[in-house]
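Structure first, then comments.
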Amino acid sequence: MHPVKSRRRTGKRSRVQLPDVVWALLQRRMGAPQLALERIRLVWRGAVSPFPDDPVRSWPAAFLRRKLVVEVTNSQWLHELRYHEANIRERLHQLCPDVEIDEFRFVIARGDFDLGPPLETSPSPTERLEPPLEADPPRETMAALLKVQDPTLRDLLASTRLVLGQRHPLKK
């Protein structure tokens with residue numbers, strides 16, 4: 001058996017940044033296209049619609065060779081996305097500058113697509129919500145209701161105001 005000699009490193013070691021190590025590990029583990037797709041999915045809603053309450057009507061399905069395949073819910077939305085393709089490309093470039101997209105391919109989804117986690121948490125079903133208006137309407141509201149000439153419209157407005165001021169028991 002030969003004795004093992006310890007070797008000394010002669011060069012200086014450079015420090016490695018943790019984000020660089022994690023990024024390289026993710027690229028090796030997931031593959032660059034899948035990692036790019038996940039990054040696009042994270043910012044997709046913000047790139048397509050500036051309104052967070054908009055329903056999700058499209059979702060990135062695949063990314064390969066700089067081609068992004070996007071599933072959409074219907075043909076109307078497909079045409080809308082094609083019309084705004086340049087704007088979407090620009091927003092995606094701002095949000096993911098290292099992901100290069102040369103081409104979009106919009107296809108109609110054959111079923112439900114995975115929307116990922118919801119953007120905002122909804123209130124707990126057991127949480128009691130306060131009524132939007134006070135139970136007793138102010139004098140100005142009553143005066144305005146009395147000025148309405150149409151009795152059907154007046155009754156509708158009065159009952160709506162009454163409902164908005166009521167506390168609703170929890171439905172179980």
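The values are calculated or read from the model by the stated rules, or taken from the named source; none is laboratory data. No experiment lies behind these values; they were computed from the predicted model shown. Because the Cβ atoms are built from the backbone with ideal geometry, glycine has one as well, and the counts that use them run over all protein chains shown. All accessible areas refer to the heavy atoms of the entire protein, side chains included, with ligands and DNA or RNA removed. Shrake-Rupley method; radii C 1.70, N 1.55, O 1.52, S 1.80 Å.
Descriptive notes on the structure:
- The listed residues are Leu37, Leu26, and the only one of them that is in a helix (DSSP H, G or I), at pLDDT below 85, open to solvent by less than 90 Å² (accessible area, probe 1.4 Å) and farther than 14 Å from Phe106 by Cβ turns out to be Leu26.
- Of all residues in segment 89-104, exactly one satisfies the criterion of being in a strand (DSSP E or B) and open to solvent by 70 Å² or more (accessible area, probe 1.4 Å), namely Glu103.
- Checklist (1) within 26 Å of Asn74 (Cβ to Cβ); (2) modelled with pLDDT under 90; (3) loosely packed, with under 11 Cβ neighbours inside 10 Å applied to Ala86, failing item: (2)
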